[in-house]
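See below for the structure under consideration.
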Amino acid sequence: MAIVVLRRFAVVWGLVDHPDQRKQHHGDVPLVGGLAIFIGMAAGAACYGQFQGFEMILLGTAAVLVLLGALDDRFDLSVRDRLLIQTIVILTVIASSGVYIHTLGRIFGHEVTLGWFGVPVTVVAVIGLVNAFNMMDGIDGLAGSLALVSIAAIILFADPSPLHGVIALLVVLAAASLPYLVANQGFMGGKIFLGDAGSMLIGYLLAWALISMSQTPGTQLSPVNVLWCVALPVFDTFAVMYRRMRQGRSPFKPDRGHIHHILLGFGLTSRTTLALLILLATGLAFIGAFFSSAAHSAGTNLTTFCLTLGVYVITVTHVWLRQEARRHGAADSQTMVDAGAVASEATAREVGTPVPEDELMFREDDHAEVYHSLRRSSRR
């Protein structure tokens, strides 16, 4: 019901996504998925009737972020304004609930406690996951599906008894996301997008759920283990920000260099790409569960996570550079062919000789030259 109503008002409110060079969808699409999910969550919370304390604080502050995301969808707010409001909201949760990252667990035999330094660490962690899910919202259903994978991993691998309220909140989030995913695929009339309101909501609630569970004894989810529940968004965020900074660009400036863009560049369809990334995210969660149970060492688990992250960043960056080299080479080739054809035809008309075919050929090693040029720029 919320989706149907919000879709009708999307144009009036200006909450529509227009296709451009980076967004290659067809026509204007309503950006009301996040609003619909939050309304569904509010209705679910009212029916459940047992949320209190920390869960109610999360719902209240999430409403602020949903509004922030909707304003960003409408007016394209600056990165500074978004980060400022997100920071204030996170500090509000810490001050009112006392929940923050105060320990990283027992790593290599030593308990790593953060004390009050855990407050800025918590701010960075929550903002990081919020923006990680925002960055992954690049093809139909991806951010929502990855959220479901994360929720399933938490429910399957954790003991819910110490924090049944947080688990119930995640179940409500999952239930509210399902109608959006159906509508996002175009099965409920016109298609709708998640929007920044939705990606902020998903990343925010997942971040706080993981933090609260990792800091509560008895949940069986250590601070290291929770990383595997959101491994793919975290990995891809590190990869794209690393590449952008190496190229001397802002790490927050959007482009088409995410893992889903790379897979699409191989000619895969959006749905095939979605299926592969869901499998990858699920596989990473199971890797974390395996090392958690087999190694019984947070240090070993953290080392495995960092090594996997490094392999991901190096591989994705290398593949992206290759794809960019081919794209630049193809564009330069076409430009040279067009220019060469015009010049050769003009010469042929003047002297009455046929056009040599080799004048229209593009040198094969130009692709390699472009590739190495991109690598040099990425190292600056």
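Values in this text are rule-based calculations from the coordinates and carry no lab data. Note that the structure is predicted; figures quoted are calculated from it, not measured. Please note: Cβ atoms are built from the backbone with ideal geometry, for glycine as well, and neighbour counts cover all protein chains shown.
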Report summary line: Mean separation of Cα contacts under 8 Å (at least 6 apart) over the residue count of region 93-186, i.e. the relative contact order in percent, is 18 percent
Report task. Can you tell me the order of 317-323, 222-228 when each peptide is scored by its average per-residue count of other Cβ atoms within 10 angstrom, highest first? Result -> 222-228, 317-323
Requested in this report: Express in whole angstrom the spacing between the alpha-carbon centres of region 63-137 and region 285-308.
Outcome: 24 Å
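Evaluate 2.2 N^0.38 Å with N set to the residue count of region 83-153, then give the Cα radius of gyration divided by it. Please report the intermediate quantities before stating the final value.
Details: Rg = 15.0 Å, N = 71, 2.2 N^0.38 = 11.1 Å.
Rounded to two decimals, the normalised Rg is 1.35.
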Query raised in the report: If you bin the C-alpha pair distances of region 1-132 every 5 Å from 0, what whole percents do you get?
Result: 2, 9, 14, 16, 17, 15, 11, 8, 5, 3, 1, 0
**Report entry** Descending semi-axes in whole angstrom, ellipsoid equivalent of region 27-96, from the Cα gyration tensor
**Finding:** 24, 20, 5
Query raised in the report: If we sort 185-196, 128-139 on the protection proxy, mean other Cβ atoms within 10 Å, highest first, what's the order?
Result: 128-139, 185-196
Requested in this report: Determine the principal axes of the Cα atoms in region 54-179, then give the extent along each, sorted from largest to smallest and rounded to whole angstroms.
Outcome: 48, 33, 28
